[in-house]
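See below for the structure under consideration.
What follows draws every value from the coordinates through simple rules; no lab data is involved. Keep in mind it's a predicted model, so treat the numbers as computed, not measured. Heads up, the Cβs are rebuilt from the backbone with ideal geometry, glycines too, and the neighbour counts pull from every protein chain shown.
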Amino acid sequence: MSSLKIGIVGAGIGGLTAAIALHRAGHDVVVFEQSKQFLRVGADINLTPNAVRALDGLGIGDAVRHTAARPTHRISRTWDTGDETSRLEMGDSAEQKYGAPQLTIHRADLLAALAAVFPAERVLFAKRAEEVKQDADGITLTFTDGSTYLVDALIGADGIHSAVRTAMFGRENPRFTGVVAFRAVIPAERVAQVPNIQAFTKWWGPNLQSQIVTFPLNRGKDIFIFATTAQESWHLESWTTQGSVQELRDSYAGFHPDARALLDACDEVLKTALYERDPLPHWSHDRMVLLGDACHPMMPFMAQGAGMSIEDAVVLAREIAGITQVADMDTAFQRYESLRLERASKIQIGSRGNNWLREGGNADWVYGYDAWTVKAESAAPD
Ligand code: FAD
């Protein structure tokens, strides 16, 4: 097969997943990443069975399982009474039902597992894409260091502020949601008295924006805490900015003692504003296509941001695996879009609504999806 040169902007979770799958399909893939190296930034990534299945198909499931934790259940509790309003078995039960468990992993460990199976020399660091132009020769990328690169087709996997998206559809800034998020990691032994501490537990607050989510990380040795609250005054979007532990505790002062015990155990916390966008009507244009947060950044309330970027990457790679002519790229991108856009947009809107599994409900349409085999008619059931 004659290979096409495919450029991917962004060596995040979606970009690397697509790079691995396309490289294996025989394409000449090069990834451009703005960071100087893979950084140990962020903390949690929640991989529900749909995402783990996709990673298993890529052959990196074992590496992921090596450092991840396996939440035992997915539990909803009411913020003040502590009453349980829903409970799903995860772990072995999910594995039997969906062919994969839920895994929760540090973002850096997931990136390391992905990077380990892609040729290191094909990831070009310190390459921040600034301009993208298409002509008869192909697509020319211009980076902020002044260098350029010519590819046959381009995948924009460059996150919520995607430069590729701007080149395709014009500038439109993400919207501040009025919600801020706190992130903290604590040793599990500090909170061993909290019931179901190895479960994924969501404490539903007194309003839509207010919640505390906890789940295990690092094979259960640590507990990750993710708490959101409405706050119009804080607009800074950052994975590294320190917040105030006192502010965290004060924000959830009325919560049940089990939830407060988790916050009391925090030594430090990160704080970020949450941004999102509306669903896009199209993800591709000619020989350029988007995946992951570049096309559908979403609120974290269904914990599907990483999962959707992984699913996108697998389906996109399937659709362009056998393409040998640039002229056929456009149609392959449209097939990808028709398989993925409805499901991802539905989850994007559902995440905004924030009522996923609050009081039971069937998780099968999200968790039971298999990106390796999905056909158009089962992409997003009602
Ligand atoms: P992203 O993960 O955002 O990846 C986009 C990649 O593109 C990044 O590596 C970015 O540096 C690169 N990039 C952006 N613009 C350019 C450009 N112009 N040129 C070249 N490269 C570019 N989610 C969580 O749930 N928990 C976390 O702790 C967490 N930490 C994160 C830390 C960082 C540093 C980032 C970038 C994202 C983090 N996320 C986290 C978000 C989460 O990873 C994504 O929402 C999700 O996985 C979707 O992945 P993606 O590959 O589509 O986008």
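Rounded to whole numbers, the Karplus 3J(HN,Hα) couplings from phi for the stretch 262-269 are 5, 5, 4, 7, 7, 9, 8, 8 Hz, using 6.51 cos²θ - 1.76 cosθ + 1.60 with θ = phi - 60°, and x at Gly and Pro.
Is the stretch 1-42 best put as rounded, prolate or oblate by its Cα gyration tensor, with a ≥ b ≥ c the root eigenvalues, rounded for a/c under 1.5, and otherwise prolate when a/b is larger than b/c, oblate when not? In terms of gyration-tensor shape, prolate. Of the trypsin sites (Lys or Arg not before Pro) in the stretch 165-199, the ones in a loop by DSSP (not H, G, I, E or B) with at most 12 other beta carbons within 10 Å are ARG171.
Summed over all non-identical Cα pairs, the Kirkwood treatment of the stretch 18-136 gives a radius of 16.8 Å.
Hydrodynamic estimate: the Kirkwood radius of the stretch 226-344 over Cα pairs, inserted into Stokes-Einstein at 25 °C and 0.890 mPa s, corresponds to D of 142 µm²/s. Residue order for MET308, MET299, fewest other beta carbons within 10 angstrom first, comes to MET299, MET308. Its convex hull of Cα atoms gives the chain a direction-averaged projected area, equal to a quarter of the hull surface, of 17.7 nm². The relative contact order of the chain comes to 22 percent, based on Cα pairs under 8 Å that sit 6 or more residues apart. Amide H to amide H, with H built 1.01 Å from N, GLY26 comes under 5 Å of no residue 5 or more places away or on another chain. In a reduced charge model with +1 at each Lys and Arg Cβ and -1 at each Asp and Glu Cβ, the chain shows a dipole moment near 380 debye about its Cα centre.
HIS106 sits among other residues whose Cβ lies under 13 Å from its own Cβ, and their net charge, with Lys and Arg +1 and Asp and Glu -1, is +2. Evaluating kT/(6 pi eta Rh) at 25 °C and 0.890 mPa s, with the Kirkwood radius of the stretch 286-376 over Cα pairs in the Stokes-Einstein relation, gives 176 µm² s⁻¹. Under the definition of Cα pairs under 8 Å and six or more residues apart, what whole-number percent is the relative contact order of the stretch 194-265? 24 percent. Spatially, the stretch 346-365 and the stretch 279-341 are offset by 22 Å when compared through their Cα centroids.
Spatial offset of the stretch 184-233 relative to the stretch 119-166 amounts to 38 Å, using the alpha carbon center of each. Looking at the stretch 35-75, which trypsin sites (Lys or Arg not before Pro) are DSSP coil and have at most 16 other C-beta atoms within 10 Å of their C-beta? Passing both the DSSP loop test and the Cβ count: LYS36, ARG40. Loop-resident GluC sites (Glu not before Pro) (DSSP state other than H, G, I, E or B) in the stretch 96-183 with no more than 15 further Cβ atoms inside 10 Å of their Cβ: GLU172.
An ellipsoid equivalent to the stretch 100-218, defined through the eigenvalues of its Cα gyration tensor, has semi-axes of 40, 21, 12 Å when rounded to whole angstrom and sorted largest first.
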